[in-house]
Amino acid sequence: PAAALRKPEVMAPAGGWPQLRAAVANGADAVYFGLSTHSARARATNFDEGAELDDVVAYLRHHEVKGYVALNTLAFDDEFDAVEALIRRCDAAGVDAIIVQDLGVMALAKAVAPGLPVHASTQQSIASADGAEFARARGATRVVVGRELSTAEIAAVVAHTAAEVECFVHGALCVSWSGQCLSSEAWGGRSANRGQCAQACRLPYEVLVDGAGDQADGAATLNYALSPQDLCGLEDVEALTKAGVHCLKIEGRLKDERYVAATTRAYREAVDAAWAKLRGDDADATPTVSRSDLAQVFSRGQSGDVDGLSAGFLRGPRHQSLVVGNAPRHRGVYVGEVLSVAPATKKQGLTLRVRSELEDLKRGDGVVIDGGADHARDEVGGALYDVKQVAGGFDVTFAKAVAARPWVRAGARVWRTADAAVDAKLRGLASSKPLRRTEVDVRVSVDGGELVVEIDDGVRVGAAKTPVVPAQDRPLDEASVAKALGQLGDTPWAPASVDINLGGGAWWCRAADVKDARRRAVESLRALRAPARASARAPPGAARALLERGDGSLLDDGFDESLLEFKVGVAVLVRDLDQCAAAVDYALTTPPSDDFAVDEVVLDFLELKGLREAVAAIRERAPGLNVVVAAPRISLPGEDGALEKLLALGPDALLARSPGQLRYFAGRDVELRGDFSLNAANALTANDLFDDAAALTRLTPAHDLGGAAVARLARRLTPSRRAKLEAVAHQHLPIFHASHCLYARHLSKGDSFENCGHVCERHTIHLRDEAGADHVVLADMGCRNTVFNAQAQSAADALGSWLDAGISRYRVEFVDESPAAVAAVLGAYRDL
């Protein structure tokens, strides 16, 4: 079905008060912000949940801008009292919605404040209409789809869900799907899903193809292979509007007010222009903020042809341009290429002759010399001390403190990282008066000895009266009344028309009385326009009531534990036919009574090729083994065919990895298991997933939980559900899961499966980090890449506590190990 035409909301980020004011001043329809805890941008200034939250909401209400609070991290069981308090505080303050990642937090919000709207965060990895409907069934009124969806795919989601759909339109692009990045967890001991992203995607790596790197002069060639350009969807606003998107979201809660002012104004004007065009109206085609301004305030420029701002995935995959790999941080506007270098002397600083097409390079501009990825941490730059225009470019001189480097030579790229003129322009926008968004009609009349002021927005009329008396000297006239009315002062409305009808009589009142009537009419209309929300709040302690199964006395769900023979069962996850054969060999040589007996094999093949043979081989060689087929981590619109092919294999169970897959497979004739990627980090989420129509028979906890936390989670579940937990005992952590394909980027000229030459079927890629560890990259059936940690992670130290907590199901996962390694690892765990 065709999407309903609607004008999308422009939503801006606010990491603090300066950014909040800048967003409002430049036309944001909504802002999103975090509180002191449980926000995915813990490094932002954020706002406290006390009186400051009331002040924020009051400020936004005054300007008729919606306020959404980001409670978008995973919550642990011992944090739910605090989370409940935050939800209650948001509800009492009158925020317009909370943005939530955790399914348990969604369940809690529904119990605590059912009238408080909930938006499903992009960290729920919503990639399809099934995913959107999964979230809507849990109370989400809006879903934020992944940044990896194209406009056409977003339109498909809009067309098949009753939830509002929001998408990102500008800002930083994570290389990994939001909610599916475990690099911070693996390498930094902290979690992006807990608001502590370590930005490992912005680090340099050496790309190894079939075990070999690109060596230059004996040194490894580094590449920022996982650092995408930023998203800039200005040219896609009209298409997104046609797609029926409800909200366009600007990323950037860590950015300053200049960035917020620039991006908000740019997208305000772009939405207004697109809307006018679609309605057949004239639109002002001259934007206040140019693309160059946006690049200057923040962009990860790569070359003279690549300014660091891209359409991301909005126009489909662009593997050749999304990640160039030269630099991971702000570059600004490209100046040009170094032609010659004059080292610093006692009289003047380092001087460069730069070939450039810029016209406005000037003294005081900030400049950096880019020596490529190998020298990104040893940059030369600073404010320009002197600039002289020469034929084809400039001679630029730095202060004497700026020293040259060996690589500062002809051919190096030069970028303007700061421009005082642009900075002044954007600071002016950030501190400007709020844009008027709504036109109203103002009417003044005299009726029965009272002057009546009415403000009409076309739907509602705010009105106020003030007494008038017969004039003794100077009666009211239209000019004096109009002067007293003014332009509605500090309100979000602008008078489209002012009709003053004094009835032909000679009346008088003070100008202050007219102003007061205008003020009260404004407040009257404001009250009529205020969003109404009657929230039937639950009594305090809802979180405790939902969680107190864990107190030991309420663990009985009618399941007789004495009937449960506590026997450890082991699943082995393999990724190719050789590993599969090794796992079956081990199972056949290990008696079922063994303490570490393998009773099922999980086939997580990255291509459909070989799956049918693997299923047949297991059925033939080991009929007693369960065969489980793993679905890909993400399923986009149009990829249902691949899921149907998995189902057609006739497995004993399917391992579902996304909310959309749970809904897609629910009610089908197959047993379903839920994987770690569903992010069950607490008992509320686990219970929600077990209660789902998918009827999960197994669930693997989120990898954000440490060993002790997994045991605590198990104890909070009833015995029958505890028996369904499957803990991963051994794995190479999947640190990134990306729609950007490293195989296509580095081994082909293609941008998709149709033109990449399927190089992933013939080659291997590893990423070597600065410590020398090689992390294998595998491409799945949807061309999405997973980077696996080089170091295997073992839960050997936690097995005892897991067994004590009643966990009887375990999984051992392999990535690219040899058959001999498969046998050795399984044998080692059996010997523990």
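The values are calculated or read from the model by the stated rules, or taken from the named source; none is laboratory data. For clarity, every value in this text was computed on a predicted model and none was experimentally measured. Cβ placement follows ideal geometry from the backbone for every residue including glycine, while neighbour counts extend to all protein chains displayed.
I'm told residue 733 meets every condition in (1) more than 28 Å from the chain's Cα centre (by Cα); (2) among the aliphatic types (A, V, I, L, M); (3) farther than 18 Å from residue 607 by Cα; (4) buried (at least 16 other Cβ atoms within 10 Å of the Cβ) except one. Can you identify the failing condition by its number?
(1)
Given (1) buried (at least 20 other Cβ atoms within 10 Å of the Cβ); (2) touching a helix residue (DSSP H, G or I) at 6+ places or on another chain (Cβ under 7 Å), identify the lone condition not met by residue 767.
Of the numbered conditions (1) buried (at least 20 other Cβ atoms within 10 Å of the Cβ); (2) touching a helix residue (DSSP H, G or I) at 6+ places or on another chain (Cβ under 7 Å), the odd one out for residue 767 is (2).
Identify the residue in segment 649-675 that is free of Cβ contacts under 8 Å to residues at least 24 places away in the same chain and under 23 Å from residue 624 (Cβ atoms) and, among all such residues, is surrounded by the fewest Cβ atoms within 10 Å (Cβ to Cβ). Walk me through how you get there before you give the answer.
Filtering segment 649-675 down to residues free of Cβ contacts under 8 Å to residues at least 24 places away in the same chain leaves 668-670.
Add one more test, that the residue is under 23 Å from residue 624 (Cβ atoms), and what stays is 669-670.
On the way: 669: 7, 670: 16.
The qualifying residue surrounded by the fewest Cβ atoms within 10 Å (Cβ to Cβ) is 669.
If we scan segment 107-130, do we find a residue that is in contact with a strand residue (DSSP E or B) (Cβ under 6 Å, 6 or more places away or on another chain), within 23 Å of residue 177 (Cα to Cα) and in a loop (DSSP other than H, G, I, E, B)?
Yes, the conditions are met somewhere in segment 107-130.
Filter segment 815-832 for residues that are of a type in the set (D, E, K, R) and in a helix (DSSP H, G or I) and give the result.
Matches in segment 815-832: 830, 831.
Can you tell me which condition residue 384 does not meet? The list is (1) buried (at least 21 other Cβ atoms within 10 Å of the Cβ); (2) free of Cβ contacts under 8 Å to residues at least 40 places away in the same chain; (3) of a type outside the set (Phe, Trp, Tyr); (4) under 27 Å from residue 202 (Cα atoms), and all the others hold.
(4)
The conditions are (1) under 25 Å from residue 546 (Cα atoms); (2) in contact (Cβ under 8 Å) with a residue 40 or more places away in the chain; (3) assigned to a strand (DSSP E or B), and residue 32 fails exactly one of them. Which is it?
Residue 32 satisfies every listed condition except (1).
Please work out if residue 667 is out of contact with any Lys or Arg (no Cβ under 6 Å at 6 or more places or on another chain), in a loop (DSSP other than H, G, I, E, B) and under 28 Å from residue 133 (Cβ atoms). Show your work before the answer.
Details: out of contact with any Lys or Arg (no Cβ under 6 Å at 6 or more places or on another chain): yes; in a loop (DSSP other than H, G, I, E, B): yes; under 28 Å from residue 133 (Cβ atoms): yes.
Yes.
Of everything in segment 152-203 that's in a helix (DSSP H, G or I) and not hydrophobic (A, V, I, L, M, F, W, C), which residue is surrounded by the fewest Cβ atoms within 10 Å (Cβ to Cβ)? Spell out how you get there, then give the answer.
We begin by selecting, within segment 152-203, every residue in a helix (DSSP H, G or I); these are 152-159, 183-188, 192-194, 200-202.
Restricting the remaining residues to those that are not hydrophobic (A, V, I, L, M, F, W, C) gives 153, 183-185, 188, 193-194, 202.
Numbers: 153: 22, 183: 24, 184: 21, 185: 24, 188: 14, 193: 26, 194: 20, 202: 18.
If we take residues in segment 152-203 being in a helix (DSSP H, G or I) and not hydrophobic (A, V, I, L, M, F, W, C), then 188 is surrounded by the fewest Cβ atoms within 10 Å (Cβ to Cβ).
Note down all Cβ pairs under 6 Å where the first residue falls in segment 590-603 and is part of a loop (DSSP other than H, G, I, E, B), the second is surrounded by 13 or more Cβ atoms within 10 Å (Cβ to Cβ) and charged (D, E, K, R), and they're at least six residues apart or on different chains.
Within 6 Å, the pairs are 596/830.
Please work out if residue 59 is out of contact with any Asp or Glu (no Cβ under 6 Å at 6 or more places or on another chain), closer than 20 Å to residue 268 by Cα and surrounded by 24 or more Cβ atoms within 10 Å (Cβ to Cβ).
no
May I ask you to list the residues in segment 451-498 that are small (Gly, Ala, Ser) and in contact with a helix residue (DSSP H, G or I) (Cβ under 9 Å, 6 or more places away or on another chain)? Full working, then the answer.
Taking segment 451-498 as the starting set, the residues that turn out to be small (Gly, Ala, Ser) are 458, 462-464, 471, 479-480, 482, 484, 486, 489, 494, 496-497.
The answer is 462, 463, 464, 480, 484, 486, 489.
Within the bounds of segment 495-502, is there any residue that is surrounded by 15 or more Cβ atoms within 10 Å (Cβ to Cβ), hydroxyl-bearing (Ser, Thr, Tyr) and outside the structural domain of residue 22 (by TED's automatic domain parsing)?
No, segment 495-502 contains no residue that is surrounded by 15 or more Cβ atoms within 10 Å (Cβ to Cβ), hydroxyl-bearing (Ser, Thr, Tyr) and outside the structural domain of residue 22 (by TED's automatic domain parsing).
Could you check residue 260 against (1) more than 30 Å from residue 398 (Cα to Cα); (2) of a type in the set (A, V, I, L, M); (3) out of contact with any Asp or Glu (no Cβ under 9 Å at 6 or more places or on another chain); (4) modelled with pLDDT under 95 and say which number it fails?
(4)
Could you run through segment 759-814 and say how many residues are part of a strand (DSSP E or B), among the hydroxyl-bearing types (Ser, Thr, Tyr) and within 22 Å of residue 203 (Cα to Cα)?
We begin by selecting, within segment 759-814, every residue part of a strand (DSSP E or B); these are 765-768, 774-779, 785-788, 793-794, 809-813.
Subsequent filtering for residues that are among the hydroxyl-bearing types (Ser, Thr, Tyr) retains 786, 794, 810.
Filter again for within 22 Å of residue 203 (Cα to Cα), leaving 786.
Residues flagged as part of a strand (DSSP E or B), among the hydroxyl-bearing types (Ser, Thr, Tyr) and within 22 Å of residue 203 (Cα to Cα) within segment 759-814 amount to 1.
Considering only residues that are farther than 25 Å from residue 137 by Cα, out of contact with any Lys or Arg (no Cβ under 7 Å at 6 or more places or on another chain) and not small (Gly, Ala, Ser), which ones fall in segment 628-664?
If the condition is that a residue be farther than 25 Å from residue 137 by Cα, out of contact with any Lys or Arg (no Cβ under 7 Å at 6 or more places or on another chain) and not small (Gly, Ala, Ser), then 629, 645, 646, 651, 652 are the ones that fit.
Counting just the residues of segment 770-804 that are touching a Cys at 6+ places or on another chain (Cβ under 7 Å) and either closer than 22 Å to residue 212 by Cβ or among the aliphatic types (A, V, I, L, M) (or both), which one comes out surrounded by the most Cβ atoms within 10 Å (Cβ to Cβ)?
By that ranking, first place goes to 785.
Would you confirm, using the coordinates I've provided, whether residue 614 is assigned to a helix (DSSP H, G or I) and surrounded by 21 or more Cβ atoms within 10 Å (Cβ to Cβ)?
In short, yes.
Consider residue 82 carefully, then state whether it is without any contact (Cβ under 8 Å) to a residue 40 or more places away in the chain, of a type outside the set (Ser, Thr, Tyr) and surrounded by fewer than 24 Cβ atoms within 10 Å (Cβ to Cβ).
no
Taking only segment 398-436 into account, find how many residues are touching a helix residue (DSSP H, G or I) at 6+ places or on another chain (Cβ under 9 Å) and among the basic types (Lys, Arg).
Adding up the residues that qualify gives 5.
Go through (1) over 21 Å from the mean Cα position of the chain (by Cα); (2) touching a residue at least 40 places away in the same chain (Cβ under 8 Å) one by one and return the number of the condition residue 273 breaks.
Going through (1) over 21 Å from the mean Cα position of the chain (by Cα); (2) touching a residue at least 40 places away in the same chain (Cβ under 8 Å) one by one, residue 273 breaks only (2).
Kindly check whether there is at least one residue in segment 112-125 that is among the aliphatic types (A, V, I, L, M), over 30 Å from residue 752 (Cα atoms) and surrounded by fewer than 21 Cβ atoms within 10 Å (Cβ to Cβ). Full working, then the answer.
Within segment 112-125, the first condition is being among the aliphatic types (A, V, I, L, M), and the residues that meet it are 112-113, 116, 118, 120.
Filter again for over 30 Å from residue 752 (Cα atoms), leaving 112-113, 116, 118.
Still in the list and also surrounded by fewer than 21 Cβ atoms within 10 Å (Cβ to Cβ): none.
No, segment 112-125 contains no residue that is among the aliphatic types (A, V, I, L, M), over 30 Å from residue 752 (Cα atoms) and surrounded by fewer than 21 Cβ atoms within 10 Å (Cβ to Cβ).
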